[in-house]
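Please read the structure below before turning to the comments.
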Amino acid sequence: MSSLYSEQLLDHFRHPRHAGLLPPPAITITAENPACGDLLKLSALVEDGIIRDAGFQVRGCTASIAAGSALAAWLHGQPVAALAAADIPAMIEQALGGLPEASRHVAVLCTDAVRALARSV
């Protein structure tokens with residue numbers, strides 16, 4: 001049986017990494033795709049300019065949940081100063097083993113979340 005999604009994407013969907021939001025003093029932001037209604041809440045604990053922990057909640061499609069998982073996993077150890085220049089769509093595509101054309105909006109949602117997080121720190 002072939003799938004619309006890669007094995008990497010399905011693994012992140014079935015076994016999400018870092019699911020759930022972190023308590024304060026973590027920063028939590030919300031990004032939304034008004035076209036499809038997907039909502040990503042992303043939280044990060046920042047110490048000395050480095051993201052030490054991250055968590056997420058998603059209301060959305062299979063690809064959005066998988067992308068939230070991949071994003072939270074990637075954020076661990078990232079310097080906050082590097083977030084603005086990071087190629088989030090490419091990172092999400094690579095981490096999920098590619099995205100079907102109809103699901104590429106999740107990379108934009110993740111990019112919006114990272115940019116909002118970078119502005120909030």
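A residue that is of a type outside the set (A, V, I, L, M, F, W, C), out of contact with any Asp or Glu (no Cβ under 8 Å at 6 or more places or on another chain), outside any strand (DSSP E or B) and more than 20 Å from Val121 (Cβ to Cβ) can be found somewhere in the stretch 60-82.
Checked against (1) farther than 16 Å from Arg115 by Cβ; (2) assigned to a helix (DSSP H, G or I); (3) in contact with a His (Cβ under 9 Å, 6 or more places away or on another chain), Cys36 passes all but condition (2).
Go through the stretch 70-115 and report how many residues are of a type outside the set (A, V, I, L, M), over 20 Å from Pro34 (Cβ atoms) and touching a strand residue (DSSP E or B) at 6+ places or on another chain (Cβ under 7 Å). Count: 4. Would you say Ile65 is within 15 Å of Ala113 (Cα to Cα) and of a type in the set (Val, Ile, Thr)? Answer is yes for this residue. Out of everything in the stretch 88-106 that is in contact (Cβ under 8 Å) with a residue 60 or more places away in the chain and not in a helix (DSSP H, G or I), what residue ends up being farthest from Gln78 (Cα to Cα)? Among those that are in contact (Cβ under 8 Å) with a residue 60 or more places away in the chain and not in a helix (DSSP H, G or I), it is Pro100. Selection within the stretch 112-121: residues that are assigned to a helix (DSSP H, G or I) and not polar (S, T, N, Q). The member of this set that is surrounded by the fewest Cβ atoms within 10 Å (Cβ to Cβ) is Arg119. The single condition among (1) within 11 Å of the chain's Cα centre (by Cα); (2) assigned to a loop (DSSP other than H, G, I, E, B); (3) not hydrophobic (A, V, I, L, M, F, W, C) that Pro24 does not meet is (1). Working only within the stretch 33-54, note down all residues that are under 15 Å from the mean Cα position of the chain (by Cα) and in contact (Cβ under 8 Å) with a residue 24 or more places away in the chain. Correct list: Asn33, Asp38, Leu40, Leu42, Ala44, Ile51, Asp53, Ala54.
Right, Leu109: assigned to a strand (DSSP E or B) and either of a type in the set (D, E, K, R) or within 12 Å of the chain's Cα centre (by Cα) (or both) or not? Give the derivation first.
Numbers: assigned to a strand (DSSP E or B): no; either of a type in the set (D, E, K, R) or within 12 Å of the chain's Cα centre (by Cα) (or both): yes.
No.
Restricting attention to the stretch 1-32, the residues that are among the basic types (Lys, Arg) and surrounded by 17 or more Cβ atoms within 10 Å (Cβ to Cβ) total 1.
Tell me, please, whether a residue that is closer than 20 Å to Pro23 by Cβ and crowded, with 23+ Cβ neighbours inside 10 Å can be found in the stretch 83-92. No: the stretch 83-92 contains no residue that is closer than 20 Å to Pro23 by Cβ and crowded, with 23+ Cβ neighbours inside 10 Å.
Read-outs: derived from the displayed coordinates by stated rules, not from any lab. Note that the coordinates shown come from a computational prediction; the quantities given were computed from them, not determined experimentally. Reconstructed Cβ throughout: ideal geometry from the backbone, glycine too, with neighbour counts over all protein chains shown.
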